[in-house]
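Read through the structure below, which is laid out as structure tokens, and then see the notes.
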Amino acid sequence: MSTDWEAVYRSTYSDLVRFLHRKVWDADRAQDLAQESFVRVLGRSPENPRAFLFTVAANLARDEARAAMRRKQHLELIKVEGQQASADDPAESLELREQDLAVRRALESLSERDRDALLLWDAGFSYPEIARQTGLAEGAIGTTLARARRRLVEAYEATEARDVAH
């Protein structure tokens, strides 16, 4: 039985872009990677198209991150995106950029497993789907998510405290 990729696209695209954006921190690149993910899955009929699509997207994002790190461009991507953010109130714009950077730092401080579990959960995946994507036992997902959330909050608070101290 063939997969209705058009229906999957309509129901999944925005979640996929949000997931990818939190991996690559560049809105345009996240959209490009989402499109590339769909191109790579066309013609296939996996048992769970949404999970398969997110797996392909996660692999593309991981490859993207490795390439960026090799070229030492990751910090430049963050810097450019921060410069593109604009608001009517310059103080508000600055505060939003600082918060965005603090969240990024906090997410990047997490282990890949914790970060992936949180991002998949945020993208609307169920515990069984997160377990299949991450390779964790289904019974461990709740604990993993709780710990990952706690670590994220702690990392965010530490980042905020460091920024206030400077």
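The values are calculated or read from the model by the stated rules, or taken from the named source; none is laboratory data. This structure is a prediction, so every number in the text was calculated from the model and none was measured. Neighbour counts are summed over all protein chains in view; Cβ atoms, including those assigned to glycine, are modelled from backbone coordinates with ideal geometry.
For the range 1-43, name all the residues that are polar (S, T, N, Q), within 19 Å of Asn59 (Cβ to Cβ) and at pLDDT 90 or above. Step through it out loud before you land on a result.
Here is the first cut: in the range 1-43, the residues polar (S, T, N, Q) are 2-3, 11-12, 14, 31, 35, 37.
Add one more test, that the residue is within 19 Å of Asn59 (Cβ to Cβ), and what stays is 3, 12, 31, 35, 37.
Passing the criteria: Thr12, Gln31, Gln35, Ser37.
Conditions: (1) charged (D, E, K, R); (2) at pLDDT below 90; (3) over 26 Å from Val153 (Cα atoms). Arg62 meets all but one. Number of the miss?
Condition not satisfied by Arg62: (3).
Just to be sure, is Gly135 in contact (Cβ under 8 Å) with a residue 24 or more places away in the chain and within 28 Å of Tyr13 (Cα to Cα)?
On the way: in contact (Cβ under 8 Å) with a residue 24 or more places away in the chain: no; within 28 Å of Tyr13 (Cα to Cα): yes.
Judged against the criteria, Gly135 is not a match.
For the range 124-144, how many residues meet the condition of being of a type in the set (A, V, I, L, M) and over 18 Å from Phe54 (Cα atoms)? Break it down into steps so the answer makes sense when it comes.
Just the residues of the range 124-144 that are of a type in the set (A, V, I, L, M), to begin with: 130-131, 136-137, 140-141.
Those left that are additionally over 18 Å from Phe54 (Cα atoms): 137, 140.
Qualifying residue count, the range 124-144: 2.
Kindly indicate whether Phe52 is closer than 19 Å to Leu110 by Cα and not in a loop (DSSP other than H, G, I, E, B).
Numbers: closer than 19 Å to Leu110 by Cα: no; not in a loop (DSSP other than H, G, I, E, B): yes.
Answer is no for this residue.
Counting just the residues of the range 44-64 that are of a type in the set (Gly, Ala, Ser) and touching a Lys or Arg at 6+ places or on another chain (Cβ under 9 Å), which one comes out nearest to Thr3 (Cα to Cα)? Quick ask: steps written out before the conclusion?
Kept after step one, since they are of a type in the set (Gly, Ala, Ser), are these residues of the range 44-64: 45, 51, 57-58, 61.
Subsequent filtering for residues that are touching a Lys or Arg at 6+ places or on another chain (Cβ under 9 Å) retains 51, 57-58, 61.
On the way: Ala51: 13, Ala57: 17, Ala58: 20, Ala61: 23 Å.
Taking the candidates together, the pick is Ala51.
For the range 12-28, what are the residues that are free of Cβ contacts under 8 Å to residues at least 24 places away in the same chain and either surrounded by fewer than 16 Cβ atoms within 10 Å (Cβ to Cβ) or among the acidic types (Asp, Glu) (or both)?
Once the filter is applied, which keeps residues that are free of Cβ contacts under 8 Å to residues at least 24 places away in the same chain and either surrounded by fewer than 16 Cβ atoms within 10 Å (Cβ to Cβ) or among the acidic types (Asp, Glu) (or both), the range 12-28 yields Ser14, Asp28.
Mind checking which residues of the range 1-28 are farther than 18 Å from Arg44 by Cα and part of a loop (DSSP other than H, G, I, E, B)?
Trp25, Asp26
Please go through the range 145-162 and pick out each residue that is surrounded by fewer than 12 Cβ atoms within 10 Å (Cβ to Cβ) and of a type in the set (Gly, Ala, Ser).
Keep residues of the range 145-162 that are surrounded by fewer than 12 Cβ atoms within 10 Å (Cβ to Cβ), which gives 146, 150, 153, 161-162.
The answer is Ala146, Ala161.
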